[in-house]
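The values are calculated or read from the model by the stated rules, or taken from the named source; none is laboratory data. Here the structure is a predicted model, which is why all the values come from computation and not from measurement. Don't worry about glycine lacking a Cβ; one is built from the backbone with ideal geometry, like all the others, and counts go over all protein chains shown. The accessibility values were calculated without ligands, DNA or RNA, using every heavy atom of the protein model including side chains. Shrake-Rupley method; radii C 1.70, N 1.55, O 1.52, S 1.80 Å.
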Amino acid sequence: MRALRRWGEIALLVAGGVGLLVFGYCELGFNGALPQVDPRRHGLGTQAGSGLDRVWAVLLLTTTATVVLVAGLPTGRGRWSRGSMAAAIAQGIGGAVVAGWTLVVAEFSAAAYFTGTDDACTYPDCWPVDQQKWCFVVPGVLTGVVMIVMALLVNRVPWIVRSLVPAAVWVAGLLLQYWIWTTYLLPVFESPPG
C-alpha cells in the first residue's frame with residue numbers, strides 16, 4: 001500500500017510538472033483576455049481583450065489543477081496530515097516556475113509592440129507599456145511566492161492548506177485582476193501620462 005501511495009504521488013508530481021511546462025502558454029491566454037492600450041497608437045482605441053470567455057475558463061481550470069497537483073499527496077490518511085518533502089520541493093520549484101513564466105510572458109507581451117523599425121511611441125517612456133506589464137504579473141508572482149512559502153511550511157501547515165491556499169490565491173488574483181484592470185486601470189492607461 002505504501003508503494004502504491006508513493007507511485008501515486010510521483011504520478012501527480014509528474015502531471016503537475018507537465019502542467020508547469022505549459023503554464024507560459026496559459027499565461028499568454030490570460031494576458032490576451034485583458035484589454036490593452038498600444039503605446040504606439042495611444043488614443044486611437046484600445047485593443048479589446050477576449051474577456052472571461054470559455055477559453056479563459058479552461059485555462060483557469062488547467063492552471064489551478066497544476067498549482068494543486070504540485071502540492072503532492074498528504075502523508076497520512078486525514079486531510080489535516082502533512083505533506084511529503086518531495087512534494088514540498090516540487091511545490092517550491094513550481095512556485096518559482098509560476099512566477100518566472102509570468103514574468104517571461106509579461107516581458108514578451110511588452111516587447112511584442114516593438115517589432116518593426118517604425119515603432120515609435122506616442123508618449124515618452126512608451127506609456128503605458130511598462131505599467132500594463134507590471135499590473136499583469138501580480139497574480140502569477142503572488143501565487144508563486146505563496147507556493148514557495150507553503151513549500152517551506154511543509155511540516156507546519158496541513159496538506160489541505162498547502163495545496164488549496166495557492167490555488168485560491170491564483171483564482172482570486174486573476175478574477176480581481178480582471179475586475180480592477182477593466183474598471184479602474186484601463187481608464188488610467190487610456191489617458192495621457194502624468
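Of the DSSP H helices in the chain, those that are both long (alpha-carbon extent of 30 Å or more along the helix axis) and hydrophobic (Kyte-Doolittle mean at least 1.0) are 85-111, 159-180. The residues packed around residue 60, meaning those with a beta-carbon under 14 Å from its beta-carbon, carry a net charge of -1 if Lys and Arg are +1 and Asp and Glu are -1. Subtracting the Cα-Cα distance of residue 172 and residue 111 from 0.36 nm times their residue separation leaves 19.2 nm of extension gain. The portion of the accessible surface of segment 1-123 made up by carbon and sulfur, rounded to a whole percent, is 67 (1.4 Å probe; DNA, RNA and ligands excluded).
Rounded to the nearest 20 debye, the dipole size of the chain about its Cα centre is 1360 debye, using +1 on the Cβ of Lys and Arg and -1 on the Cβ of Asp and Glu.
What residue among 113, 191, 68 has its Cα farthest toward the positive end of the dipole of the chain, where the charges are +1 on Lys, Arg and -1 on Asp, Glu, each on the Cβ? Projecting each Cα onto the dipole axis, the largest value belongs to 68. Proximity of backbone amide H atoms, modeled 1.01 Å from N, is registered between residue 83 and 75, 159 at under 5 Å, excluding neighbours fewer than 5 places apart on the same chain. When both segment 121-191 and segment 53-75 are represented by their alpha-carbon centers, they are found 16 Å apart.
The trypsin sites (Lys or Arg not before Pro) of segment 71-157 that DSSP puts in a loop, and whose beta carbon has at most 13 other beta carbons within 10 Å, are 77, 79, 156. Considering all different alpha carbon pairs of segment 133-188, the Kirkwood hydrodynamic radius works out to 12.2 Å.
By the Cβ distance rule of under 4.7 Å, the chain has these cysteines without a partner: 26, 135. With N the number of residues in segment 1-108, Rg(Cα) / (2.2 N^0.38 Å) evaluates to 1.38.
Within the shell of other residues whose beta carbon sits under 14 angstrom from the beta carbon of residue 106, the net charge comes to -2, with Lys and Arg scored +1 and Asp and Glu -1. With the biggest extent put first, the Cα atoms of the chain measure 64, 30, 29 Å across the principal axes.
Within a Cβ distance under 11 Å of residue 156, other residues only, what is the Lys/Arg minus Asp/Glu net charge?
+2
Only helices enter this figure: runs of n ≥ 4 DSSP H residues, each worth -39500 (n - 2.57), summed and divided by the residues of the chain, yield -21000 deg cm²/dmol at 222 nm to the nearest 500.
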